[in-house]
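Before any comments, here is the structure.
The values are calculated or read from the model by the stated rules, or taken from the named source; none is laboratory data. None of these values were measured; they are calculated from a predicted model. Note that we place each Cβ from the backbone using ideal geometry, even for glycine, and neighbour counts take in every protein chain shown. Note: accessible area is taken over every heavy atom of the protein model, side chains too, but ligands, DNA and RNA are not part of it. Shrake-Rupley method; radii C 1.70, N 1.55, O 1.52, S 1.80 Å.
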Amino acid sequence: MAAIGTLLATVGTGAAALTNVSGAVTYDEGGIAELDLTAGLVGARDLWACGFGGRGVDVALIDTGITPVPGTGRIYNGPDLSFDAQVGGAPYLDAYGHGTHLASLINGRDPGVTAPPSSACRSNRINPTATKDMGFPRVSGFAGMAPDARVVNLKTGAADGAVDVTQVIAQIDWAVQNRNRNGLNIRVLAIPYGVSSTYGNFRDPLSHAVDVAAANGILVVAAAGNDGTTDTALAYPARNNDVLAVGAADRGSSSSTGTDVTTWTVASFSDRGTTQRKPDLLVPAVLIPGLRVPGSYLDTQTTTQGNRLIRGSGTSQATAIVAGVAAQLAQRYPGATVPQLKNMLVTSSWRARPGRFVSDATVLSTNKLLGARPNLALPAPFVNTNGTASVQPLRSAGTLAIGEGRLTGDIDVQGRSMAGWEARATARTSWSGGSWMGRVYTGTPTSTGVPVARWASSWAGVPWSQVAGFAGTWDGVRWRGDTWSGVRWRGDDWSGVRWRGVAWDGVRWRGTNWDGVRWRGSANWSSASWT
């Protein structure tokens with residue numbers, strides 16, 4: 001993994017430096033059309049044509065930040081809790097490339113791209129028994145699921161992807177406490193991240209954090225996980241029953257076909273779940289095109305598409321897509337509760353082909369979504385967890401290296417005890433201004449964003465400048481092994497970074513070894529060369 005100083009020097013250290021990339025943008029019409037097809041198949045285009053583009057709704061995104069490349073939608077910068085902020089990194093910006101890609105799937109929008117006229121609304125043509133695409137309004141240009149919504153940028157992952165579970169928990173707390181402050185209306189929280197846990201829902205800290213969010217009116221959309229080839233159980237927080245757990249579907253076709261949802265399967269990498277807890281919903285999430293960040297870590301590891309888009313496969317992409325559609329429903333039914341929003345999405349789905357997974361899965365379908373109505377009989381959620389277990393076992397990928405030490409025990413990234421956090425989270429008092437659990441993390445929220453301030457000047461007595469190795473970089477904080485097994489950003493299968501048993505999109509393979517996964521195309525692999 002590259003050091004952050006190198007990446008930030010490549011990308012630029014401020015938004016102004018990044019605006020210059022617009023001159024080099026080329027449009028990949030095929031990729032844009034394919035994203036439009038995906039939006040149509042899950043019902044997002046129908047809702048937009050009916051006037052529900054997510055206007056007035058905020059979707060909070062916990063990820064690696066957002067860089068305002070051309071096509072990025074409206075953004076509100078929340079706190080930057082990443083390690084980047086401690087070593088002079090540009091606030092909020094995405095030097096990794098993951099967060100910007102997902103944000104573009106939620107609310108990306110090219111200038112001038114609009115929904116079809118309101119007369120194109122097809123609510124009177126709903127056919128809830130149709131499994132194939134009935135036709136939907138198409139748009140010209142790049143647009144995500146909910147182009148009228150706003151994304152709240154909760155930057156948590158660093159330039160090399162490094163993140164600790166306590167940073168994620170702190171961001172969830174911030175979203176809860178600031179849901180309706182400073183002009184915000186956070187109705188949806190997207191978490192493309194997951195960890196393994198043996199605690200169970202009641203004691204797991206991450207489960208408790210999302211439980212509190214749901215009880216306070218925020219629909220949490222969480223990634224099921226990308227360990228489907230090795231592990232069926234969902235990651236946390238998706239395993240919590242109060243969140244909307246999202247998996248990935250594979251249409252198994254090019255952009256011109258694959259519109260019959262009954263022929264789709266669960267993507268090979270997507271966690272299937274168990275008989276106790278399975279994904280609530282699947283959406284297409286294989287080779288999904290979205291905006292790239294020139295010079296970011298992912299960008300340097302891939303062959304980009306059309307010099308503007310990058311394709312990603314994973315339950316991260318599925319999470320972003322569903323979060324965008326949820327924002328559209330939240331605009332349509334502003335008084336809908338979390339269980340009602342979740343129920344409308346889950347019941348607007350068709351059963352996919354079973355394949356080799358634990359139980360049947362359902363895929364969000366345009367043919368049912370417009371007919372969705374809130375179920376008034378569903379009770380409001382309440383906090384039914386206590387989150388008293390230690391956070392240490394949630395660092396299952398290994399310990400986070402901080403200087404010469406290790407981040408171990410029930411402590412946060414500043415080395416302070418987590419004791420009493422669960423009660424303060426429930427009472428919505430864990431944040432006070434720019435302090436979380438009494439430790440300074442960031443500046444006080446304002447109407448235009450959150451100014452970033454450094455954390456404490458040292459960790460366990462070691463100055464941050466020494467922990468980082470040398471000024472301006474952060475090469476001493478990373479997960480051991482670089483494999484992110486169990487604790488990682490869900491959705492790390494990119495077109496060129498690392499592929500895990502799914503199709504390759506035809507770009508150059510970086511290396512000499514081939515491990516037997518399928519290549520899409522007519523060429524044959526003869527162990528040594530293409531024929």
Examine the range 214-224 for a residue that is open to solvent by 10 Å² or more (accessible area, probe 1.4 Å) and aliphatic (A, V, I, L, M), and state whether such a residue exists.
yes
Considering only the range 184-197, I want to know if a residue exists there that is among the small types (Gly, Ala, Ser), touching a Pro at 6+ places or on another chain (Cβ under 6 Å), in contact (Cβ under 8 Å) with a residue 12 or more places away in the chain and open to solvent by 10 Å² or more (accessible area, probe 1.4 Å).
no
Six or more apart or on different chains, Cβ atoms under 6 Å: show the pairs whose first residue is in the range 287-298 and under 19 Å from GLY89 (Cβ atoms) and in contact (Cβ under 8 Å) with a residue 60 or more places away in the chain and whose second is aromatic (Phe, Trp, Tyr) and not in a loop (DSSP other than H, G, I, E, B).
LEU298/TRP494
Filtering the range 410-419 down to residues that are part of a loop (DSSP other than H, G, I, E, B) and open to solvent by 30 Å² or more (accessible area, probe 1.4 Å), which residue is farthest from ASN216 (Cα to Cα)?
GLY415
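Yes or no, residue by residue, for (1) among the aliphatic types (A, V, I, L, M); (2) open to solvent by 10 Å² or more (accessible area, probe 1.4 Å); (3) more than 17 Å from MET418 (Cα to Cα):
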{"site": "MET134", "(1), (2), (3)": "yes, yes, yes"}
{"site": "ASN153", "(1), (2), (3)": "no, no, yes"}
{"site": "ALA162", "(1), (2), (3)": "yes, no, yes"}
{"site": "GLN167", "(1), (2), (3)": "no, no, no"}
{"site": "ILE172", "(1), (2), (3)": "yes, no, no"}
How many residues does the range 246-262 contain that are more than 10 Å from PRO284 (Cα to Cα) and at pLDDT 80 or above?
1
Given the structure, is ALA209 touching a Pro at 6+ places or on another chain (Cβ under 9 Å), open to solvent by less than 10 Å² (accessible area, probe 1.4 Å) and assigned to a helix (DSSP H, G or I)?
yes
When you scan the range 322-333, how many residues do you find that are in contact (Cβ under 8 Å) with a residue 60 or more places away in the chain and open to solvent by 10 Å² or more (accessible area, probe 1.4 Å)?
2
Taking the stated definitions as given, is PRO294 over 14 Å from VAL188 (Cβ atoms) and at pLDDT below 90?
yes
Could you count how many residues in the range 268-282 are open to solvent by 10 Å² or more (accessible area, probe 1.4 Å) and either outside any loop (DSSP other than H, G, I, E, B) or in contact (Cβ under 8 Å) with a residue 40 or more places away in the chain (or both)?
8
Filter pass, SER396 being modelled with pLDDT under 85 and open to solvent by 40 Å² or more (accessible area, probe 1.4 Å):
yes
Within the bounds of the range 344-363, is there any residue that is in contact with a Pro (Cβ under 8 Å, 6 or more places away or on another chain), at pLDDT 90 or above, of a type outside the set (S, T, N, Q) and crowded, with 20+ Cβ neighbours inside 10 Å?
yes
Could you tell me whether the range 35-58 includes any residue that is assigned to a helix (DSSP H, G or I), modelled with pLDDT of 85 or more and in contact with a strand residue (DSSP E or B) (Cβ under 6 Å, 6 or more places away or on another chain)?
yes
Quick check, is ALA380 closer than 22 Å to VAL212 by Cα, at pLDDT below 90 and surrounded by fewer than 17 Cβ atoms within 10 Å (Cβ to Cβ)?
yes
Would you point out the residue of the range 283-321, among those that are touching an Asp or Glu at 6+ places or on another chain (Cβ under 9 Å) and over 26 Å from ASP160 (Cβ atoms), that is surrounded by the fewest Cβ atoms within 10 Å (Cβ to Cβ)?
GLY306
Among the residues that make up the range 234-245, is at least one of them outside any loop (DSSP other than H, G, I, E, B), open to solvent by less than 10 Å² (accessible area, probe 1.4 Å) and among the aliphatic types (A, V, I, L, M)?
yes
Residue hits (the range 167-190; outside any strand (DSSP E or B) and either aliphatic (A, V, I, L, M) or under 10 Å from ALA209 (Cβ atoms) (or both)) are VAL168, ILE169, ALA170, GLN171, ILE172, ASP173, ALA175, VAL176, LEU184
With respect to the numbered conditions (1) surrounded by 20 or more Cβ atoms within 10 Å (Cβ to Cβ); (2) more than 15 Å from VAL266 (Cα to Cα), which one is the sole condition not fulfilled by ASP227?
(2)
